[in-house]
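Worksheet: the structure to be examined is printed underneath.
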Amino acid sequence: PTAVQQPITDVLLDDLCYQYRYDGRGRLVEKKLPGKGWEYMVYDKADRLVFSQDAKMRPTDKWLFTKYDVLGRVIITGVVAGGSRASMQTMIGETLTIENRYDVGFTKNGMQIQYNNAYFPYLETVFSVNYYDTYPTYSFNPSFPGSIQGVETLKETVSPEGKSTKGLPV
């Protein structure tokens with residue numbers, strides 16, 4: 001092809017090449033796919049992706065965020081305002097970003113979120129909230145049936161037989 005015979009220019013790189021940049025810990029921090037703008041990634045001390053930003057989000061300084069629980073499970077995703085990739089990485093630094101479950105958490109967009117909000121608490125938009133092991137009760141949740149097709153459902157509290165949704169039989 002004629003592109004192979006040309007000297008490599010920035011235009012040629014941007015239009016035809018896959019480009020990746022890694023930090024000193026071997027984590028992918030910048031990615032450029034043909035025909036797209038640069039995508040940026042920021043990680044915490046546990047090498048978990050905490051922030052990501054594509055070229056369309058960059059002009060507004062918005063970042064997608066992911067928050068994790070102590071077991072490394074995704075608990076909250078959404079959008080925050082931020083700065084450059086370097087400033088976001090400096091902000092996270094060598095921090096292990098873990099959020100904990102609380103009976104009284106915080107409210108966002110009229111919804112009670114039952115996690116603490118210790119890391120980057122200036123959430124603009126929340127896309128998803130995941131709960132594990134127990135689930136908060138909201139006024140819009142339907143009541144849970146006591147049985148399904150004649151079989152009793154497990155409760156969160158231990159039954160006389162020692163069965164519950166919190167784990168194996170006692």
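Grab the strands (runs of 3 or more DSSP E) fully contained in region 1-120, keeping just those with 2 or more residues being surrounded by 11 or more Cβ atoms within 10 Å (Cβ to Cβ) and in contact with a Gly (Cβ under 7 Å, 6 or more places away or on another chain).
Values: elements: 19-22, 28-32, 38-43, 49-53, 62-68, 74-81, 101-108, 111-115.
By residue number, 62-68, 111-115.
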Handout entry: Tally, over region 94-118, of residues that are of a type outside the set (Ser, Thr, Tyr), more than 17 Å from residue 128 (Cα to Cα) and in contact (Cβ under 8 Å) with a residue 12 or more places away in the chain
Key = 3
Exercise for the section: State yes or no: is residue 141 under 18 Å from the mean Cα position of the chain (by Cα) and at pLDDT below 85? Expected result: no
Problem - Test for residue 61: is it more than 14 Å from residue 49 (Cβ to Cβ) and under 11 Å from the mean Cα position of the chain (by Cα) - result: no
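The values are calculated or read from the model by the stated rules, or taken from the named source; none is laboratory data. Since the model is a prediction, treat every value here as computed from it, not as a measurement. All Cβ positions, even for glycine, are placed from backbone atoms using ideal geometry, and neighbour counts span all protein chains on display.
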